[in-house]
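The values are calculated or read from the model by the stated rules, or taken from the named source; none is laboratory data. Just so it is clear, the model here is predicted, and its values are computed rather than measured. When we count neighbours, we look across all protein chains shown, and the Cβ atoms used for this are built from the backbone with ideal geometry, even at glycine.
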């Protein structure tokens with residue numbers, strides 16, 4: 001039996017009886033913006049790697065044109081990013097451009113409603129997700145920092161529509177990419193006091209997705225608010241809390257959404273979720289001007305509706321030149 005694992009499934013966690021958005025999540029990974037989210041970094045080149053570990057399960061999931069039952073997954077998502085911040089300014093703001101490529105390793109176990117069998121299916125895969133390009137402008141006014149950013153999600157990851165042969169129990173259900181373009185404009189603000197070391201960062205945006213023509217599924221716009229409050233110490237250590245709120249602004253549509261709505265017996269697929277947890281980071285600068293930032297974060301999600309929720313552990317490292 002052949003199954004392909006999807007980053008769309010893997011970039012979220014835990015269980016709720018029913019899901020909105022195709023694959024249980026949108027392009028945007030909640031919690032992507034936390035500390036210093038309102039600051040475009042000083043001119044230079046930055047490379048970073050983030051590891052996101054999660055363990056997830058859900059009663060019903062619509063993905064690739066198929067409704068799956070009792071799905072569970074364990075995954076490690078590796079995000080590789082390169083950012084360039086320029087000295088030249090546009091409208092008085094500092095310009096930055098970033099490219100992020102996710103690599104996913106994980107396993108998925110599930111029953112298929114379509115197959116109508118109690119047989120459990122399990123598969124482990126590794127592959128590329130969709131590529132993200134982010135552009136932004138940042139302004140600094142004393143202790144206040146502002147940025148406008150837009151992330152573009154390019155459907156370059158592997159995708160195949162679901163394919164089922166009931167007679168042979170051959171199943172092709174999942175893919176690495178979402179097979180649709182998306183973009184997320186974000187406004188962010190950071191208050192940072194050099195004297196006290198106190199930081200408050202807030203970012204809000206709306207994610208828009210094109211229709212997945214292969215599955216006839218249109219994900220409705222998704223609003224998200226992310227925030228972090230930290231205490232920074234002279235040693236470079238920082239600690240505090242980070243969290244987010246998420247809610248869909250409309251109803252998913254198309255044949256794929258109607259299929260999921262019928263399977264759930266639900267009139268609405270609007271999703272929401274909240275998350276909060278501790279965040280710690282450490283930053284230092286070497287004599288040659290290179291900077292190093294290490295970060296660790298744990299997020300617990302709660303009050304979910306029509307969306308996966310659970311726990312996420314993330315660690316990351318960034319070098320600046």
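Identify, please: which residue in the range 299-308 is within 18 Å of the chain's Cα centre (by Cα) and over 19 Å from residue 50 (Cβ atoms) and is, among those, surrounded by the fewest Cβ atoms within 10 Å (Cβ to Cβ)?
Ranking the qualifying residues of the range 299-308, first place goes to 302.
More than 18 Å from the chain's Cα centre (by Cα), modelled with pLDDT under 90, closer than 22 Å to residue 262 by Cβ and not in a strand (DSSP E or B) - does that describe any residue in the range 54-75? Yes, the range 54-75 contains a residue that is more than 18 Å from the chain's Cα centre (by Cα), modelled with pLDDT under 90, closer than 22 Å to residue 262 by Cβ and not in a strand (DSSP E or B). Residue 285 - would you say it is touching a strand residue (DSSP E or B) at 6+ places or on another chain (Cβ under 9 Å) and modelled with pLDDT under 95? Considered against the rule, which asks whether it is touching a strand residue (DSSP E or B) at 6+ places or on another chain (Cβ under 9 Å) and modelled with pLDDT under 95, residue 285 comes out as yes. Looking only at the range 141-150, decide whether some residue is surrounded by fewer than 20 Cβ atoms within 10 Å (Cβ to Cβ), outside any strand (DSSP E or B) and modelled with pLDDT of 65 or more. Yes: one or more hits.
Checking the stated criteria, residue 242 turns out to be assigned to a strand (DSSP E or B) and under 18 Å from the mean Cα position of the chain (by Cα).
Just give me the residues in the range 259-298 being within 21 Å of the chain's Cα centre (by Cα) and over 20 Å from residue 48 (Cα atoms), in sequence order. Within the range 259-298, 269, 270, 271, 272, 273, 274, 275, 276, 277, 278 qualify. When 94, 180 are checked against the criterion of being part of a loop (DSSP other than H, G, I, E, B), at pLDDT 90 or above, surrounded by 21 or more Cβ atoms within 10 Å (Cβ to Cβ) and touching a strand residue (DSSP E or B) at 6+ places or on another chain (Cβ under 9 Å), a single residue qualifies: 180. Taking the criterion of being in contact with a strand residue (DSSP E or B) (Cβ under 6 Å, 6 or more places away or on another chain) and over 30 Å from residue 282 (Cβ atoms), the residues of the range 210-251 that qualify are 211, 218, 219, 220, 221, 222, 223, 247, 248, 249.
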